[in-house]
Every structure is written in C-alpha cells, then in structure tokens.
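Have a look at the structure below before the remarks.
Values in this text are rule-based calculations from the coordinates and carry no lab data. Computed from a predicted model, the values in this text were never measured in an experiment. Here the Cβ positions follow ideal geometry from the backbone for every residue, glycine too, while neighbour counts run over all protein chains shown.
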Amino acid sequence: MTRLDDFRLNLGGKEYIPIMLGGMGVDISTPDFALAGARLGGIAHLSDALICAVSDRHHQTDFVKQRYKKYKSLSGQDNKSFAQFDIDSVKEATRLLVANAMERKEGDGAVFINLMEKLTMNNPRETLKARLVGALDGGIEGISLGAGLHLGSLDLIKDHPRFRSVNIGIIVSSVRALKLFLKRTAKLNRHPDYVVVEGPLAGGHLGFGADDWQNYDLNTIMAEVVSFLKEEELDIPVIPAGGIFTGTEGVELIKQGASAIQVATRFIITQESGLPDKIKQKYFEAEEDDIEVNLVSPTGYPMRMLKNSPCIGKGGKPNCESLGYVLDRNGNCSYIEAYNEAAKLNPDKISIKNKTCLCTQMRAYNTWTCGQTTYRLKDTTNQLQDGTYQIPMVADIFNDYRYSTDNQIILPQPIEKRAV
Ligand SMILES: Cc1cc2nc3c(=O)[nH]c(=O)nc-3n(C[C@H](O)[C@H](O)[C@H](O)COP(=O)(O)O)c2cc1C
C-alpha cells in the first residue's frame, strides 16, 4: 500500500516529507506550530497576518500601542489615510517573528511564511515590501504569496541578496492566475519555486465566488496546472490544497502529478495551533450545515467560517488607529463604511450583518475561518468521557497523513497512554 511517506518533495536542493502545513492567520500558525511541522521533516508556515500584533504577543514588543498613541487624537475621522504604518516597525515585527522561529528550529524540515497580500495596510506596496524584506532578513526558508496575489511582488525584493536563493511560491486557484504571474516573473528571470493550487474547499479566503465555489474542484484545476507547466516545459512542483483529508487522498494527487500536498484544517485543533481551546471544541462539534462561505470579509474575498460565528451581526467600532490592516491605499475599508451606515440607522444598537472587522472584531468575538472539512474533525480524535474531544499534537496529525493507507485515520494515542 502506497503511503505519503513513500514520496519526497525536492525543493531548493533539499528533500522534504511531502506535507506542507498551510499558513493560517491570525496567529493560528504560531511559531510553535510551524516548528513542530519542520521538526517532523515537512514544511510549515508562519503567517504574517496582523504581524505587529502577533509580534507584540510573542515578543513583548509594543508596536500596536505605539501606533495607537500616534493616531488616537485623529480617531474621529472616517477616512483613515492619516494612519500610516511605520515601515521600519512592520519590517522589524516580521523579522523578529521569523528570526526567533529560525533560531529555535530543529529537524530536517523547513519554516516558510505565508504572506497575505490582500492586507493592504494603507500603503500596499511599501508595507508588502517591508514584510518581504523583514522575512528575508530574519532568515525565512520560503515565502508563499497568496490571498490577493500581487503581480509585482517579486520586483519589490529583486535586489535583496537572498532573492534568488530563498524558496518562493505562489498560491493560485486557476491556470489563468498562474499564467499572469509567470509572465511577470519571466521578465525577472526568476520563476516561483513551487505553486500551491488551492481548491474551493480550503479555509481562509477563497479564490472563487461565494455563489459558485461548488462548480470547481481541486483535481481538475490541478490537472490543468500540471498540464500547462508541462506544455511550457517548466519544472515547478505543484502542491494542491483544500479538502485533502487523508494521506491516501494525498497519494492519489501525487500520482496525478502533484509533488506534495498542503493541508491546514486538520491541524487547527492541535495543541500547538493558536486557536483557543474552546474554539477547537466548537470546531469538533461542527456539522456540515454549520459551515458557510460568506462575504463578510472586508477584503472583498469570500471566506469560509461557521455560520453562527459570534462576530457576525456585531458592530464594533473600527480600530484602525491600532490595527488597520485592511485599509486600502486611500485609507478606506468596507467595514468602516458598513459601520457608519449602521450607526446612522440605529446609533444605540449598531449591528452589521454584511461585514465584519477582520482586525479587531474577529478576535474579540473568538472567530476564525475554517475549511469545508471541519465537520469531519470529530472523526480524527478520541471523544473524552465528559463529551469533549482530545486535542491532538501536530505530530499525531502529521504522522497520520504520512503513514496512513486506505483512507484510514489513525487516531491519536489516548491521553492516559501517552508517556509523561
Ligand atoms: C483557519 C484557517 C486560516 C487560514 N488562513 C490563511 C491565511 O491567512 N493565508 C492563506 O494564504 N491561507 C490561509 N488558509 C488556507 C490554508 O493555508 C490552506 O491552503 C488550506 O486551508 C488547505 O485546505 P484544508 O484546510 O482543507 O486542508 C487558512 C486556512 C484555515 C483553515
């Protein structure tokens, strides 16, 4: 019986177990989470979503406080173009997160970072450049560019000394997006080192419409990408993502031309994941009907989450002076517009159903996104006597993907049997 462990991903002259742990914001992909994946010989991502706040949490910096101090007197204004990010702080926050993880890294795997390009931070070009440079300066081994792929991203770092040696990947949901990106990178004579093909069942923001994601499937898109790269004689590893629930499904994709798989949802409930434990239990309890793709994200991209997520329908005051990651280049965010409209209608009880604040409100109301297979998580661990579910380790899930056959899921060893 073939297992994922029978294959290896070759990237940048190194061999990895062909399991990539996708980046999950905000701070679900903690440094401990990414380091666990790397220790096992796979590739695991950090996430740069809300990077200054994440650095404050892990490194006792005070980037968010400093920003608020600088802009609080202007907070009454609707247009937030005044609230520019301090570029050096953004770079330093990213560098700190990465350098600290790299210092602690053990094992044969690698730590990459997922860059969410749709977080335009009031100055898309300069803030993206700061995040890229910060990650490279911190010693990151790979950068996955996604969520709003920006065709000019590589131009921003073309003079960095690590530009040609670091692994750079792009996340696409169609051959069309890949073709556009390759046209641009051909000019730099620097193609991506790997392509993650993300299908419609993934978590986070989606590259499909909220109404038509059901019309697409990962295998078809991946086959199109594989055949396009072959026609172009481009030897770039293809890594499918989105709804791959067992190692056996991964093996099938490798047989169809993939070089590895990218997975995330099965790992959100692990001990090392940054999701609060009570939310992990909610994810275990979820049924298929509880999961929806909606348009509440102010990025404009569809997002998958639990229907009853507590942030939906709330009306928190925009907090862009502290955070402000979704502000566009003109200092606007569709959540601010929705908030102002709702405040006009009923200032005493502001309730917003069509948008949520990605920066403040999702965390304040314990809301994160999830993948379509979340409702199957309950089948991947042991239920405890009190009805809650055992929280597995990254290694439990990783090894299940790596060694399982016949679509079986190897449950984690029960807590009482684990060596202390
Ligand atoms: C909770 C969660 C948060 C995610 N956040 C991000 C993100 O910040 N950026 C990104 O590019 N992808 C994000 N993703 C997508 C994953 O990196 C991955 O490609 C995808 O979810 C894989 O599919 P699976 O979850 O079905 O295994 C997220 C996924 C989940 C489940």
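Using Cα centres only, tell me the gap between segment 240-279 and segment 69-116 in whole Å. About 26 Å separates the Cα centre of segment 240-279 from the one of segment 69-116. Size descriptors for segment 140-180: radius of gyration and Dmax over Cα atoms are 10.9, 31 Å.
Using the average count of surrounding beta-carbon atoms within 10 Å as a protection proxy, the listed peptides 340-351, 323-334 rank, highest first, as 323-334, 340-351. Where both bridge residues fall in the chain, DSSP classifies roughly 25% of the beta bridges as antiparallel.
Positive end of the charge dipole of the chain (Lys, Arg +1 and Asp, Glu -1 on Cβ, about the Cα centre): tell me which of LEU201, LEU188, TRP213 has its Cα farthest that way. Projecting each Cα onto the dipole axis, the largest value belongs to LEU188.
Between ASN340 and GLU416, what is 0.36 nm times their sequence separation minus the Cα-Cα distance? Round to one decimal in nm.
22.0 nm
Can you check what the net charge comes to around ASN189, using other residues whose Cβ is under 11 Å from the Cβ of ASN189 (Lys, Arg +1; Asp, Glu -1)? Overall, the nearby charge balance is +4.
Neighbours of ALA38 by Cβ distance under 13 Å: Lys/Arg scored +1, Asp/Glu scored -1, total -2. Going from the fewest other Cβ atoms within 10 Å to the most, the residues GLU292, GLU287 appear in the order GLU287, GLU292.
Rounded to the nearest 0.05, what FRET efficiency is calculated for LYS349 and MET393 with R0 set to 45 Å and r the Cβ-Cβ distance? Numbers along the way, then the final one.
On the way: r = 44 Å, r/R0 = 0.97.
With R0 = 45 Å, the Cβ-Cβ based efficiency is 0.55.
Rounded to the nearest whole Hz, the Karplus-based 3J(HN,Hα) values (6.51 cos²θ - 1.76 cosθ + 1.60, θ = phi - 60°) of segment 383-393 follow the sequence 8, 8, 4, 7, x, 7, 10, 5, 8, x, 8, with x at glycine and proline. With a threshold of 23 Å on the Cα-Cα distance, the over-threshold entries among LYS282/LYS349; LYS307/LYS378; LYS69/LYS158; LYS278/LYS307; LYS255/LYS280 are LYS282/LYS349; LYS69/LYS158; LYS255/LYS280. Sequence-distant contacts, meaning Cα pairs under 8 Å at least 6 residues apart, place the relative contact order of segment 300-387 at 42 percent. Positive end of the dipole of segment 209-332 (Cβ unit charges, origin at the Cα centre): among CYS311, GLY300, SER227, the Cα lying farthest that way belongs to CYS311.
Cβ-Cβ distance of ASP155 and TYR403, R₀ of 51 Å, FRET efficiency by 1/(1 + (r/R0)^6): the value works out to about 0.75.
About its Cα centre, the dipole of the chain is roughly 1260 debye, where the only charges are +1 on Lys and Arg Cβ and -1 on Asp and Glu Cβ.
Please report the relative contact order for the chain, taking Cα pairs under 8 Å with a sequence separation of at least 6, and give it as a percent rounded to a whole number. Numbers along the way, then the final one.
Details: 876 pairs, mean separation 81.6, N = 420.
So the answer I get is 19 percent.
The string of couplings for segment 17-24 from the Karplus curve (6.51, -1.76, 1.60, θ = phi - 60°) is 4, x, 10, 10, 8, x, x, 9 Hz, one whole number per residue in order, with x for Gly and Pro. Note on segment 110-253: with charges restricted to the Cβ of Lys and Arg (+1) and Asp and Glu (-1), its dipole about the Cα centre is near 720 debye.
Mind giving me the nanometre distance, one decimal, between the label points for ASP78 and ASN330, set 7 Å out from Cα along Cα→Cβ? Going from the ASP78 label point to the ASN330 one covers 1.2 nm.
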